[in-house]
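The next block holds one structure in the form of structure tokens; read it before the comments.
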Amino acid sequence: MLPLPAADKLIKIGVLAHREESLRMWSPTAEYLTRAMPGYRFVIEPYDNATIGPAVERSEMDFVLTNPGSYIELETKYGVTRMLTLRNLRQGKPYTVFGAVIFTLATRADIQRLTDLKGKSFMAVDKNAFGGFLMGWREFQDHGIDPLHDFSELKFVGLPQDPIVFAVRDGKIDAGMVRTDTLERMAMDGRIDLADFRILNPQRMAGFPFALSTRLYPEWPFSRTRNTPDELAQKVAIALLALPSGSRTAKASNSAGWTVPLDYTSVHELYKTLRVGPYQDYGRASFADILRQYWRWLALIALLIALMLVNTAYILTLNRNLKQSQKRLTEITRQLEHSNQRLEKLSLLDGLTGIANHRHFQEVLDKEWRWAQRHGTALTLLMIDVDFFKKFNDSAGHPAGDECLRKVAQTLYGLARRPRDLVARYGGEEFAVVLPGTDKQGAAAVAERMRAAVENLAIANEGLPEKKCITVSVGVARAGKLRHAATTEIVAAADKALYEAKEAGRNCVRIAPNDLKDIHSHGDVGDGGIAPPPLH
Ligand code: GH3
Ligand code: MG
Ligand code: MG
């Protein structure tokens with residue numbers, strides 16, 4: 001039994017065109033190939049700009065029939081290769097090249113050349129249309145015009161192109177562009193008058209009779225894909241080259257058949273110049289490129305930045321620590337000042353009795369003495385000594401002596417009532433009282449009060465045979481006009497008066513005679529009048 005003949009192998013030709021148009025124009029070619037190549041059945045598959053690329057990538061077709069712009073994109077991306085170039089039939093003659101024509105109304109005196117179109121409105125097919133816009137764009141660019149920005153309006157109206165011609169003619173748009181031979185075709189059909197139009201940037205090319213504003217580019221190519229077998233491609237090429245120019249098949253596609261492939265470099269050039277299609281990023285380094293080329297430098301920069309960041313963080317930490325330390329230091333300083341103040345206060349007080357000590361006494365006396373000298377006010381000093389204290393100590397014991405001294409001190413302290421009065425322990429069982437602004441009489445009264453108050457404490461002095469109480473003797477002296485800046489004289493005078501009190505039998509007050517000469521005759525100045533020195 002003979003094997004059944006294998007079914008004809010299906011060969012797909014992808015065409016960039018509307019369904020009806022592609023079938024009408026190219027089905028006869030598919031039929032012609034099917035007839036010419038037994039064992040194969042050729043079919044036409046229509047695609048648009050968006051679908052043709054992915055279809056090639058998925059190997060959905062064996063051959064591709066598309067415009068030059070689309071072709072170079074497929075060539076660049078998917079390795080499609082041209083086998084033939086169409087011999088396009090225009091006004092009865094075949095042409096393998098074409099271009100675009102840019103035109104305005106002949107009556108527009110203001111538009112003579114391409115540069116006059118700046119600020120004017122313009123109409124074209126589509127932003128990506130090869131003959132319908134890109135060819136013109138390249139010429140505009142050569143003339144320093146950016147069609148995407150320099151026109152007052154850029155209108156894309158799609159295919160067919162005839163409405164663009166009418167829009168210019170009817171003054172609805174300042175200028176437009178279409179594929180070459182469109183104007184001549186419309187004029188032949190009697191739909192326009194060529195004399196109504198002015199061709200901008202007119203180009204003369206030998207053997208090319210149509211109005212032209214751009215460079216010429218090769219016509220549509222017929223291509224194979226990467227997967228098309230060589231033998232099949234070879235057979236198809238031979239069959240298509242053999243297609244008679246006047247045949248029904250050729251005429252259906254508006255062509256005079258096919259010729260050997262042209263050079264499509266000019267199309268690549270155009271896309272590169274405009275940086276569109278596959279050359280969108282042409283000349284622009286991608287991030288990956290930069291990374292590949294400069295990774296060492298980038299790594300170095302990254303390292304430096306990292307180091308800087310670490311350094312900054314370190315400095316910030318140091319700063320923060322410094323601030324904390326400063327804060328702590330301020331706190332310590334504050335505490336120290338506080339302690340110093342306390343210490344200072346303590347250093348002015350007598351440890352046993354809690355009243356001012358000798359040092360404080362001396363400071364206050366100096367200050368008050370200077371004040372009295374300057375302002376001529378009174379200043380009196382009492383020197384007080386506990387009577388027979390040694391005997392008290394000897395009989396009652398030292399601790400009791402201390403206690404006695406504390407009581408005497410508190411008693412004296414309680415009787416010096418003015419703010420600037422000072423009661424101090426002069427040393428041992430001796431006390432000194434500074435009475436600023438108080439004259440001798442006032443001071444004598446204070447002295448007497450103090451004496452009486454101590455006696456009234458009624459602290460028995462067991463050391464005395466008569467068992468008398470603890471008493472004090474007081475010497476009073478007043479500061480006079482002293483030539484030498486010395487307070488020792490008033491102390492000496494008070495001491496002398498005290499000695500006299502002792503001599504007079506103790507427990508009494510003695511006032512120094514006028515051996516310290518008075519500055520003024522007036523006595524107690526009281527608290528009014530002249531402002532006193534600061535309190536001690
Ligand atoms: P007079 O009446 O002449 O002043 O006799 P007196 O005994 O008070 O004088 P004297 O100067 O001979 O003795 C003073 C005594 O005071 C000697 C000392 O034991 C005592 N004394 C001095 N300072 C202190 C003290 O801080 N505590 C005690 N308990 N006694 C003290
Ligand atoms: Mg004494
Ligand atoms: Mg004494």
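Can we say residue 405 is more than 16 Å from ligand 1 (Cβ to nearest atom), open to solvent by less than 50 Å² (accessible area, probe 1.4 Å) and either without any contact (Cβ under 8 Å) to a residue 60 or more places away in the chain or basic (Lys, Arg) (or both)? Even if it seems obvious, please write down each step before you answer.
Details: more than 16 Å from ligand 1 (Cβ to nearest atom): no; open to solvent by less than 50 Å² (accessible area, probe 1.4 Å): yes; either without any contact (Cβ under 8 Å) to a residue 60 or more places away in the chain or basic (Lys, Arg) (or both): yes.
Criteria not met by residue 405.
For region 409-423, check the following and say yes or no: at least one residue is within 18 Å of residue 498 (Cα to Cα), within 14 Å of ligand 1 (Cβ to nearest atom) and open to solvent by less than 20 Å² (accessible area, probe 1.4 Å).
yes
For residues in region 424-446 being within 16 Å of ligand 2 (Cβ to nearest atom) and outside any strand (DSSP E or B), which is surrounded by the most Cβ atoms within 10 Å (Cβ to Cβ)?
429
Would you be able to tell me the number of residues in region 274-295 that are outside any helix (DSSP H, G or I), aliphatic (A, V, I, L, M) and surrounded by fewer than 17 Cβ atoms within 10 Å (Cβ to Cβ)?
1
Mind checking which residues of region 381-401 are open to solvent by less than 50 Å² (accessible area, probe 1.4 Å), assigned to a helix (DSSP H, G or I) and near ligand 1 (Cβ under 6 Å from one of its atoms)?
389, 393, 401
Restricting to region 133-155, and then to whatever is open to solvent by 10 Å² or more (accessible area, probe 1.4 Å) and assigned to a helix (DSSP H, G or I), can you tell me which residue is farthest from residue 212 (Cα to Cα)?
By that ranking, first place goes to 149.
Look at residue 158 and say whether it is at pLDDT below 95 and either part of a helix (DSSP H, G or I) or open to solvent by 50 Å² or more (accessible area, probe 1.4 Å) (or both).
No, not satisfied.
Please indicate, with yes or no, whether at least one residue in region 125-132 is acidic (Asp, Glu), open to solvent by less than 50 Å² (accessible area, probe 1.4 Å) and more than 21 Å from residue 187 (Cβ to Cβ).
No, that holds for no residue.
Only one of these is touching a Phe, Trp or Tyr at 6+ places or on another chain (Cβ under 9 Å) and among the β-branched types (Val, Ile, Thr): 111, 72, 52. Name it. Even if it seems obvious, please write down each step before you answer.
Numbers: 111 fails: touching a Phe, Trp or Tyr at 6+ places or on another chain (Cβ under 9 Å); 52 fails: touching a Phe, Trp or Tyr at 6+ places or on another chain (Cβ under 9 Å).
Unique residue meeting the criteria: 72.
Is there a residue being of a type in the set (A, V, I, L, M, F, W, C), under 22 Å from residue 15 (Cα atoms), part of a loop (DSSP other than H, G, I, E, B) and over 58 Å from the mean Cα position of the chain (by Cα) anywhere in region 229-237?
No: region 229-237 contains no residue that is of a type in the set (A, V, I, L, M, F, W, C), under 22 Å from residue 15 (Cα atoms), part of a loop (DSSP other than H, G, I, E, B) and over 58 Å from the mean Cα position of the chain (by Cα).
Would you say residue 365 is part of a helix (DSSP H, G or I), within 16 Å of ligand 2 (Cβ to nearest atom), of a type in the set (A, V, I, L, M) and in the same structural domain as residue 503 (by TED's automatic domain parsing)?
Taking the combined requirement at face value, the residue does not satisfy it.
What's the number of the condition residue 346 fails, among (1) of a type in the set (A, V, I, L, M, F, W, C); (2) free of Cβ contacts under 8 Å to residues at least 60 places away in the same chain; (3) open to solvent by less than 80 Å² (accessible area, probe 1.4 Å)?
Of the numbered conditions (1) of a type in the set (A, V, I, L, M, F, W, C); (2) free of Cβ contacts under 8 Å to residues at least 60 places away in the same chain; (3) open to solvent by less than 80 Å² (accessible area, probe 1.4 Å), the odd one out for residue 346 is (3).
Among the residues of region 98-115, is any open to solvent by less than 30 Å² (accessible area, probe 1.4 Å) and farther than 24 Å from residue 156 by Cα?
In the first step, residues of region 98-115 are kept if they are open to solvent by less than 30 Å² (accessible area, probe 1.4 Å); the result is 98-104, 111, 114.
In the following step, the residues that additionally are farther than 24 Å from residue 156 by Cα were identified as none.
No, there is no match, as no residue in region 98-115 is open to solvent by less than 30 Å² (accessible area, probe 1.4 Å) and farther than 24 Å from residue 156 by Cα.
Which of the following residues is under 16 Å from residue 87 (Cβ atoms) and among the aliphatic types (A, V, I, L, M): 239, 206, 211, 233?
Just a single option satisfies the conditions, and that option is 239.
What residue, among those in region 349-361 that are part of a helix (DSSP H, G or I) and surrounded by fewer than 16 Cβ atoms within 10 Å (Cβ to Cβ), is farthest from the chain's Cα centre (by Cα)?
My answer is 358.
Name, by its number, the condition in (1) among the aromatic types (Phe, Trp, Tyr); (2) in a loop (DSSP other than H, G, I, E, B); (3) under 53 Å from the mean Cα position of the chain (by Cα) that does not hold for residue 271.
Condition (2) is where residue 271 drops out.
Are there any pairs, at least 6 apart or on different chains, whose C-beta atoms fall under 7 Å, with the first in region 381-397 and more than 17 Å from residue 510 (Cβ to Cβ) and the second open to solvent by 30 Å² or more (accessible area, probe 1.4 Å) and more than 8 Å from ligand 1 (Cβ to nearest atom), and if so, which?
Hits for this filter: 395/462; 396/462.
What are the pairs with Cβ atoms under 6 angstrom where one residue, in region 250-277, is free of Cβ contacts under 8 Å to residues at least 60 places away in the same chain and the other, located anywhere, is crowded, with 16+ Cβ neighbours inside 10 Å? Sequence gap at least six, or different chains.
So the pair list comes out as 266/217; 272/279.
Here's the yes/no breakdown for (1) part of a loop (DSSP other than H, G, I, E, B); (2) at pLDDT below 95; (3) within 16 Å of ligand 1 (Cβ to nearest atom):
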position: 448; (1), (2), (3): no, no, no
position: 463; (1), (2), (3): yes, yes, yes
position: 476; (1), (2), (3): no, no, no
position: 486; (1), (2), (3): yes, yes, no
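Pairs only if they're at least six apart or on different chains, beta carbon under 8 angstrom, first in region 498-510 and free of Cβ contacts under 8 Å to residues at least 40 places away in the same chain and assigned by TED's automatic domain parsing to the domain that holds residue 471, second more than 10 Å from ligand 1 (Cβ to nearest atom) and among the hydroxyl-bearing types (Ser, Thr, Tyr); list them, first residue then second.
none
The values are calculated or read from the model by the stated rules, or taken from the named source; none is laboratory data. Not measured: the values here are computed from a predicted model. Here Cβ is always computed from backbone atoms with ideal geometry, including for glycine, and neighbour counts include all displayed protein chains. All accessible areas refer to the heavy atoms of the entire protein, side chains included, with ligands and DNA or RNA removed. Shrake-Rupley method; radii C 1.70, N 1.55, O 1.52, S 1.80 Å.
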